[in-house]
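The values are calculated or read from the model by the stated rules, or taken from the named source; none is laboratory data. Just so you know, these numbers come straight off a predicted model, no measurement behind them. Ideal geometry is used to build each Cβ from the backbone, glycine not excepted, and the neighbour counts take in all protein chains shown.
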Amino acid sequence: MEKVSNVVIIGSGPAGYTAAIYASRAGLKPLLISGLEPGGQLTITTDVENYPGFEDPIQGPWLMEQMKKQAAVFGTNIINDYVKEVNFQEVPFIIKTEKEIFKSHSVVIATGAKAKWLNVSGEREFMGFGVSACATCDGFFFKNKRVAVVGGGNTAIEEALFLSNLCEKVFLIHRRQKLRAEKILQDRLNEKKNIEIIWNSEVKEVIGDNAKKCITGVKIYNNANQQLSTLNIEGFFVAIGHAPATDLFKKKLKMDDDGYIITSPDSTKTNIDGIFAAGDVTDKIYRQAVTAAGMGCMSAIEAEGFLSLKKII
C-alpha cells in the first residue's frame, strides 16, 4: 500500500521546525523537507538578541540546529531535498521533490522569504564580486575597506552595524530622510563614528572592473537636489527587505499582490482545506523568528484538528 503522510512540512526555518516539534509530539509523524537553505534566514544571522529564553545573544545557526535536533528527537523525519512542484487539487496532496514524490493528508508551507534586489545595472554582474545581500556571510572579505549598505529598516541597520566593526568606513544609503528601523538600532547607529548616512538617495548603478571582477563604486541619485554622483566603495550590501518564497504556490493558493499567502484571520488556514501557511510566507507585518515559531505551532495544532475532523487520525 502506498504510504501517505499525515502532514508534510515544506521548509525548515523557525516556523517549519516548530510545526514539526508540535506535530511530532501530537503523534502525527511529520515529514519535513528542508529546502535549499536549511534553517532559513537565521542561519546567516550572527547575534540573535530578541529570541525569548536567552540572557545573552545567541548565534542564529546554533538556534536553528537546536530546533532541528528537537524536532528529530520527537520523531520528525527530516529529509534534505527541495520541492519542485505541488498538486493541491488531488487528495491526498502530491509533493514532488528533486528526488521523490510524496503524498500527504495535510501540508504546512513554511518556505520563508528571500532577499530583494534593486535590479539596477551592474548588480547581477558583480554579485559575489563585491555585491552581496548578507553582511554576516561576506563582510569579512571587506575588512578595513570602504563599503555601502542600501536600506532603511532593521536589516539595513543591523548590516551596517556589523560591517562597522570590520570596515574602515560604512555608508548607509537611504531613499528617505527618516529611517524605519527600531529606535534601539538607530541609537547604536548614531554612536558609530565610521558610519555615514546618505539621505534621500537611490542607487542607480553598480560600477566596477569587469576584468578584475570587482566593484569600484555606485552611482547615486539624490532626490532632494536631483544630483547624480559616484560613491567610491569596494563592497556593496543590499538590505531592502525580503519577498516571500512562494513562487512554487502561485495560482495554486490565494495570495496578495506582494505574493504573501492569504490565511484566515487568527489562523494559518489557506483557501484550500488541509493546507496551512506559517511564518514569513504569510506574515508581512512582523517577520520575526518568534512570530514565525508561534505560527508554526498554530499550523501544527490546526493540522491535527483537520486530520481529526476528517477521521484520518
Would you call Ile157 more than 21 Å from the chain's Cα centre (by Cα), buried (at least 16 other Cβ atoms within 10 Å of the Cβ) and in contact (Cβ under 8 Å) with a residue 12 or more places away in the chain? no
Here is a list: Gly27, Gly13. Which entry is crowded, with 23+ Cβ neighbours inside 10 Å, assigned by TED's automatic domain parsing to the domain that holds Ala277, closer than 30 Å to Ser308 by Cβ and in contact (Cβ under 8 Å) with a residue 24 or more places away in the chain? Gly13
So for the range 240-253 (the condition being of a type in the set (A, V, I, L, M) and closer than 18 Å to Lys143 by Cα), does at least one residue qualify? no
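How many of the residues in the range 237-251 are more than 20 Å from Arg180 (Cβ to Cβ) and crowded, with 19+ Cβ neighbours inside 10 Å?
Matching residues across the range 237-251 total 3.
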If Ala289 satisfies all but one of (1) modelled with pLDDT of 95 or more; (2) over 13 Å from Ala23 (Cα atoms), what's the number of the condition it fails? (1)
Scan of the range 71-102 for residues that are under 25 Å from the mean Cα position of the chain (by Cα), outside any strand (DSSP E or B) and not small (Gly, Ala, Ser), ordered by number: Thr76, Asn80, Asp81, Tyr82, Phe88, Glu98, Lys99
Residues of the range 14-45 that turn out to be modelled with pLDDT of 95 or more and under 18 Å from Thr97 (Cα atoms), as a count: 6
Do we find that Glu158 is at pLDDT 95 or above and either in contact with a Cys (Cβ under 9 Å, 6 or more places away or on another chain) or not in a loop (DSSP other than H, G, I, E, B) (or both) in this structure? no
Working carefully through the options Asp257, Asp266, Asp283, find the one that is crowded, with 19+ Cβ neighbours inside 10 Å and over 23 Å from Glu85 (Cβ atoms). Asp283
Which of the residues belonging to the range 173-193 are under 23 Å from Asn144 (Cα atoms) and either exposed (fewer than 14 other Cβ atoms within 10 Å of the Cβ) or touching a residue at least 60 places away in the same chain (Cβ under 8 Å) (or both)? Asn190, Glu191, Lys193
Just to be sure, is Val147 in contact (Cβ under 8 Å) with a residue 24 or more places away in the chain and in contact with a Cys (Cβ under 6 Å, 6 or more places away or on another chain)? yes
Residue hits (the range 88-139; small (Gly, Ala, Ser) and at negative phi) are Ser104, Ser106, Ala110, Ala113, Ala115, Ser121, Ser132, Ala133, Ala135, Gly139
